[in-house]
Amino acid sequence: MAGTPSHDFLRNLEQRRESIRSTCEEMLMECRAANREMNEGEHHRYRQAMADLRGLGEQIAEYRVDLERSAMPAHLARLSLNPQTTSRNTMNNHADSRDLVYRRGDHRQSWCRDLIRLSLNLDSDGESRVRLASHAQQVVDHPAFQEHRDLSRVDGSGGYAVPPAWLMNQYIELARPGRAFANLVQRQPLPGGTDSINIPKVLTGTATAVQTADNTPVTDVDLTDTYINAPVRTISGQQGVAIQLLDQSPIAFDDLVFRDLMADFASQLDKQCLYGSGTNGQVLGVNNTPNIGTIAVSTVDIQGVYSAIANAIQLVHTTRFQPPEVVVMHPRRWGWFLALLDNQQRPLFLPDANRPYNAAGILEDVASQQVVGSIQGLPVVTDPNIATTSGAGTEDIVYVLRASDVVLWESGIRARVLPETKAQNLTVLLQLFGYLAFSAARYPQSIVEITGLTAPAW
């Protein structure tokens, strides 16, 4: 543009632009008032006027840049945004942030406003497009943009803008074993109004015999009796929780606590049925019940263990005179069975879907704490609560039993919320308890434990 830029010339350009804009608005208002569309001539004049507006807008934007440069100091006036006439080195040596299109504190020009006008097709004069293009070139070449710092997701370097998403409705509960063994036995409701259950039992019975001859004495043997005792015991637990946690947590935190207490209650009840000592508030569990059968394996291999299970089955038949109903073992021992191979490296325990022939056992389901397969015609149930530290310290026990001869009496589980106990601390006690009685002494001969099963080597 020839000559020295002046404000008078810029005002003339702006007045001319306003005049053309007013003409366009009058054309539109005239057609709207007459409730008609523009004719062909009016359309042509309107399009020409809009083209003139865009041209004037670009001219005004360029002239403003020239005008601003004319007011800069000499060492800044040499700056050009044309990469063909100005080298990057010259710009780095002679420029500062005052020649930027968008400057902090300059309310006349806004990058966001220009971007919005261009995006919504409101840039009728083209000024926003020119300023955004000039700014884009400045981002590439201007020294004010040469030094920058990258942000990341590290806390303190932008990371706080990316907060974690807490999926509170997917709270991960603690994994606990259930009550597989307790669910197998005969379960009855606990009678009320007592702390001990006694069941009479015939100790020695009557007798019959062949009468040797007519009018000879008939065999006469008096029976004797005794009783078994099952004291009522309590399993309980509680958790103190600040009332603020219950009030302000976005989830039902008390429900989470009670679910965890109930899960542990089930695990403790199962352990009592297995290993209760009968003292210190415990029931008398299977493992400590007198006169149950015990068989030690000769060797920890398929022949030794398979023979021990067969021996246990026949022992129940021989002494209880009824068949056993289930084999209960630790998941570790069942895994050992599944890993057994014959001399040709074929598994001895096969899935039921294979319709196995001459298999040592059947894998019915890859399940947990329920029926997983069968061995010698009996269902196999796994229970993680069976100890793996028995005997020499590394053994687990396999139980062959008639589960219906074992009785578990249990009450319902009761829950209490006690805000008064620790009211001085604003602490609420969440409490859970239940009563049980247990006895495997009705027919102890219906239970046989197989011992000597040391930890398998995988």
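Nothing in this text is a laboratory measurement; each read-out follows from the coordinates by a stated rule. Given the structure is predicted, the values throughout are model-derived calculations rather than measurements. Neighbour counts run over all protein chains shown; Cβ positions are idealised from the backbone, glycine included.
Kindly write out, for the range 348-358 in residue order, the coupling ³J(HN,Hα) from the Karplus curve 6.51 cos²θ - 1.76 cosθ + 1.60 (θ = phi - 60°), rounded to whole Hz, with x marking Gly and Pro.
Taking θ as phi minus 60°, the curve returns 8, 10, 10, x, 4, 5, 7, 6, x, 10, 6 Hz for the range 348-358.
Counting each pair of different Cα atoms once, what's the Kirkwood radius of the range 299-448 in Å, rounded to one decimal?
Mean inverse Cα-Cα distance, inverted, gives 18.2 Å.
Give me, ordered by chain and number, the residues 5 or more places off residue 228 or on other chains with an amide H under 5 Å from its own placed amide H.
Placed amide hydrogens put 199, 201 under 5 Å from residue 228.
If the viscosity is 1.002 mPa s and the temperature 20 °C, what Stokes-Einstein diffusion coefficient in µm²/s follows for the range 355-400 when Rh is the Kirkwood radius over Cα pairs?
178
In Å and whole numbers, how far do the C-alpha atoms of the range 289-330 stretch along each principal axis, longest first?
The Cα atoms of the range 289-330 stretch 29, 20, 19 Å along their principal axes.
In square nanometres, what is one fourth of the surface area of the convex hull spanned by the alpha carbons of the chain?
Computing the convex hull of the Cα atoms and averaging its projections yields 53.9 nm².
If r is the Cβ-Cβ distance from residue 58 to residue 167 and R0 is 56 Å, what FRET efficiency results, to the nearest 0.05?
That pair, residue 58 with residue 167, gives E of 0.55.
D for the range 235-309, whole µm²/s, Stokes-Einstein with Kirkwood Rh over alpha-carbon pairs at 25 °C and 0.890 mPa s: what number?
Stokes-Einstein gives a translational diffusion coefficient of 151 µm²/s.
Can you give the FRET efficiency to the nearest 0.05 for residue 121 and residue 157, using r as the Cβ-Cβ distance and R₀ = 45 Å?
E between residue 121 and residue 157, to the nearest 0.05, is 0.75.
Within the range 388-432, name every residue whose backbone N is under 19 Å away from a label modeled 7 Å from Cα of residue 201 along the Cβ vector.
The answer is 400-410.
Round to the nearest 10 and give me the degree value, 0 to 90, for the angle of helix 127-141's Cα axis relative to the longest principal axis of the chain.
Long axis of 127-141 versus the principal axis of the chain: about 70 degrees.
Through the Karplus equation 6.51 cos²θ - 1.76 cosθ + 1.60, θ set to phi - 60°, convert the phi angles of the range 376-387 into ³J(HN,Hα) values in whole Hz; use x for Gly and Pro.
Per-residue couplings from phi come out as 6, x, 10, x, 10, 10, 9, 9, x, 6, 5, 5 Hz.
Would you calculate the separation in nanometres between label points at residue 413 and residue 387, each defined as 7 Å from the Cα along the Cα-to-beta-carbon direction?
It works out to 2.5 nm between the two label points.
Where nothing but the Cβ of Lys and Arg (+1) and of Asp and Glu (-1) is charged, how large is the charge dipole of the chain around its Cα centre, in debye to the nearest 20?
760
For the range 143-295, what are Rg and Dmax over the alpha carbons, in angstrom?
Rg, Dmax (Cα atoms, Å): 32.1, 132.
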